[in-house]
């Protein structure tokens, strides 16, 4: 029996919708990253992008445990002296709640040439409405695993 190796022409992509308000930030991010990579598919091949499309809704109602809203810090440095900027999770959520989820998922994807294409298949919306109904996305429950 030969080992199966997927080709780019063999990829069949499915659309999934994840509700960010039903689980914590980490659980939503790991589920989305796994779907984007395609780890759950029998046709998974490391060097071919076989992942699916992921639409995340209700980013404004993101759930975090403990006091992470006030204590979790995001850092950015401009590479100039004194150019360190820091913001709490609450400040990031007030500014743009979708970027918090995108940053969490980006950190969970492997750092290779496939990462930008995988991130393009991630769609994050602050409210419960999205404009991908024509693709007939399937509901993906983070609590149940499917």
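No lab work stands behind these numbers, since they all come straight from the coordinates. Quick caveat, the model's predicted, so the values are computed rather than measured. We place every Cβ from the backbone using ideal geometry, glycine too, and count neighbours over all the protein chains shown.
Looking at this structure, is residue 83 at negative phi and exposed (fewer than 10 other Cβ atoms within 10 Å of the Cβ)?
Values: at negative phi: yes; exposed (fewer than 10 other Cβ atoms within 10 Å of the Cβ): yes.
Against the criterion (at negative phi and exposed (fewer than 10 other Cβ atoms within 10 Å of the Cβ)), residue 83 qualifies.
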ask   = Quick check: is even one residue across segment 19-40 surrounded by fewer than 12 Cβ atoms within 10 Å (Cβ to Cβ) and in contact (Cβ under 8 Å) with a residue 24 or more places away in the chain?
value = no
message = Given the condition touching a strand residue (DSSP E or B) at 6+ places or on another chain (Cβ under 7 Å), assigned to a strand (DSSP E or B) and in contact (Cβ under 8 Å) with a residue 40 or more places away in the chain, answer yes or no: does some residue in segment 70-87 qualify?
response = no
